[in-house]
Structure formats: C-alpha cells, structure tokens
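Structure, as structure tokens:
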Amino acid sequence: MTKRELEQRMHMVKALMSIGFTPDEARQLRRISMFLHSWHERECGDGYGVIERDDVTDKPFWTQSANGRRYAIRDMEKGAINRLSRIMSAHPTLTPYVQGDPRGAALYILRPGDVPEGQHADSYYTRGICVF
C-alpha cells in the first residue's frame, strides 16, 4: 500500500466516524464493500466463468467459460447485504447504496440531504461517502 492509498483510506474512515460510525463499523463496512466489489466483478465474468442468477429462484450459479457447466454456489452477496443491514440499523438517518458496476466502489453511505427530495439515489449516490 502506498502512502497516498493509506491517506485516502484514513480519510474515508474519518469521514465515516464523523457521521457516527465506530472504527470497527468502518472496518466492517470496508470489508463488505470490497466483497461486494469482487462479487460484482464475477457477475460480469473474469475469464474463468461468471456468476449468474436463476430467473425463477434467484439462486446464484457459477457458469464456467471453458465448458459452460453450471454449479450452484452459496449466495454470499445476500450475507454481505444482511451484515450491512445490521450495521445500518444502528444508524437510522443514514442510507446505504450498493452500486453494482464493478468499475467503481460498491458501497456508498448517504446522509440526509445527499439525495434531493423526490429523487432516486441512482443519480446522486456519489454525493455520499464512498466506502472502498
């Protein structure tokens, strides 16, 4: 890790702490964000295969690129979302936003006022605190 990366991470932790998260909660949010980012990358495919969800049951499957075989896998994304919900339940004024595009951070914490009244978070999530 470079000095700049460390400074950016510390800035993120301080921003999360300034809105009421404990250092441990900030660490957990970062781990959740990193996991979701990795999951979203695999949903787009990584050369070895891709995670796909069944249209009917919503269960995830790993589909291999080489031979097209599908294997049922554990739905670890739902576990990460559940952990996120538990943390956020202690902070009712804040809203998590999970961004599924793997080209950016997977998790943003939105404060009151970050999203204009009557608007959807899809267009304004970058006003929140980026958890990376």
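Miscellaneous remarks
- For ASN67 and SER123, the difference between the fully extended length at 0.36 nm per residue and the C-alpha to C-alpha distance is 16.3 nm.
- 3J(HN,Hα) couplings calculated from phi for segment 60-75 with the Karplus curve 6.51 cos²θ - 1.76 cosθ + 1.60 (θ = phi - 60°) are, in sequence order, x, 9, 9, 10, 6, 6, 5, 10, x, 5, 10, 10, 5, 10, 5, 7 Hz; Gly and Pro show x.
- FRET efficiency for ASP55 and ALA90, using Cβ-Cβ distance with R0 set to 30 Å, rounded to 0.05: 0.30
- Remark on GLY45: its backbone amide H falls under 5 Å from those of ILE51, a criterion applied only to residues 5 or more positions apart or on other chains, H modelled at 1.01 Å from N.
- Rounded to the nearest 20 debye, the dipole size of segment 1-82 about its Cα centre is 320 debye, using +1 on the Cβ of Lys and Arg and -1 on the Cβ of Asp and Glu.
- For segment 52-59, putting each phi into the Karplus relation 6.51 cos²θ - 1.76 cosθ + 1.60 with θ = phi - 60° gives couplings of 10, 9, 5, 5, 8, 8, 6, 7 Hz, in residue order, rounded to whole numbers and with x for Gly and Pro.
- Taking amide H as placed 1.01 Å from N in the peptide plane, LEU107 has its amide H under 5 Å from the amide H of GLN99, VAL131, each at least 5 places away in sequence or on another chain.
- Backbone HN-Hα couplings from phi across segment 108-118 [Karplus 6.51/-1.76/1.60, Hz, Gly and Pro as x]: 10, 10, 9, 8, x, x, 5, 10, x, 3, x
- Distance between the C-alpha centres of segment 100-131 and segment 22-44: 15 Å, rounded to the whole angstrom.
- With the largest listed first and rounded to whole Å, the semi-axes of the equivalent ellipsoid of the chain from the Cα gyration tensor are 29, 18, 14.
Here, each number is a calculation from the coordinates, and none is a lab measurement. Model, not experiment: these values are computed from the prediction. All Cβ positions, even for glycine, are placed from backbone atoms using ideal geometry, and neighbour counts span all protein chains on display.
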